[in-house]
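Down below is the structure, laid out as structure tokens.
Here, each number is a calculation from the coordinates, and none is a lab measurement. Note that this is a predicted model, so its numbers are computed, not measured. Virtual Cβ from ideal backbone geometry, glycine too; neighbours counted across all protein chains shown.
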Amino acid sequence: MRHPISRRSVLAGASATLLARTAHAENYPSGPVKIIIGVGPGSSADVIARLIAEHLSRLWGQQAFIFNQPGGGGAIGIRAAGSAEPDGYTLYMSLASNYVLLPEMQATLPFNVARDFVPIGFVGDQPLVITAAPALGVNTLPEFIALAKKRPGELNIAAGLAGSVLHLTAEWLRTAAGIDFTILHYPAVPKAIADLIGGRIQGTVDSISGVAGPLRGGQLKALAVAAQRRLPNFPDLPTASETLPGFVASGWLALVAPPKTPEPIAQKVSADLRTVLTRPEVIERIQELGTYPLPMSPAELADFIASQQKTWQPVIAEVGIKSRK
């Protein structure tokens with residue numbers, strides 16, 4: 001005869017599981033931790049991820065290492081991280097596009113980062129900057145908008161790869177400013193700069209880290225940064241929202257864990273990530289890369305992701321990005 005499981009037994013089992021997970025978190029990590037990122041070596045996101053991994057390694061006394069799995073707009077890395085054992089020994093360093101674009105472009109992807117992955121913490125914000133070629137003769141965003149209205153459809157602006165946050169920001173700029181220019185897509189900044197020098201394009205929308213060299217070299221002129229407020233290391237650079245209210249756009253990095261990773265592990269990594277991100281040497285180095293640390297709890301990160309998706313959905317609909325079935 002089978003006996004029904006008592007409520008006491010269920011509670012005892014749940015308590016034992018919780019205690020086991022808590023104990024596991026207290027001893028975590030007891031071995032190497034792999035952090036997957038969906039970009040190649042050498043990019044600003046990769047450099048920042050390696051900096052974070054280096055400092056986590058020091059804090060943990062265990063090796064945290066970066067594993068690059070680029071391709072598919074982040075889909076390859078997401079598949080690998082999502083299929084990993086949810087024990088805290090595989091993490092995923094995600095980019096903004098993984099949340100706001102990938103679900104729209106690849107509906108058949110088995111994992112949705114926002115829905116399925118366990119949030120750990122925000123790493124850094126990467127404000128986007130609107131630039132122009134010095135030869136264009138404009139020094140401010142209002143001057144650029146005025147010129148674009150006089151020359152509708154004549155200006156060419158480089159804005160990353162098709163479907164990227166850079167692309168969406170350029171599309172949003174056209175709509176918000178009521179102007180028309182041609183958006184050209186480039187896989188990397190050097191090719192765009194070569195075309196700018198050659199006169200094929202007249203400006204760019206990119207991250208500050210992406211165009212820092214050309215800005216310093218005088219090949220580009222910064223017109224506005226699409227940040228919430230003026231940046232501490234660029235105090236004279238106006239924000240785009242000073243001209244176009246509400247125009248705030250950025251790339252960003254966040255650390256997440258595979259689906260079903262125990263909450264105590266996520267909370268432990270989140271606390272350790274916050275410790276790393278408040279170290280002065282980490283803040284200084286990340287800011288040099290055009291990224292601004294902003295520690296968040298897992299709950300704060302989840303709320304932030306939801307707000308970002310809400311911000312970009314109308315732009316995605318306007319651009320007409322379709323899912324690949």
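Before moving on, here are some points about what is shown:
- Of K34/K268; K150/K221; K34/K260; K191/K221; K150/K310, pairs whose Cα-Cα distance is over 23 Å: K150/K310
- Hull shadow area, averaged, the range 62-172 [alpha-carbon convex hull, nm²]: 9.8
- Fraction of beta bridges assigned by DSSP in the chain that are antiparallel (%, nearest 5): 60
- Other residues with beta-carbon under 13 Å from the beta-carbon of V165 carry, at +1 per Lys or Arg and -1 per Asp or Glu, a net charge of -4.
- The chain, dipole about Cα centre (Lys/Arg Cβ +1, Asp/Glu Cβ -1), debye to the nearest 20: 660
- Cα gyration tensor, the range 127-242 - rounded (a/c under 1.5), prolate or oblate: rounded
- P(r) of the chain over all Cα-Cα pairs, binned every 10 Å from zero, in whole percent: 6, 25, 31, 21, 10, 4, 2, 1, 0
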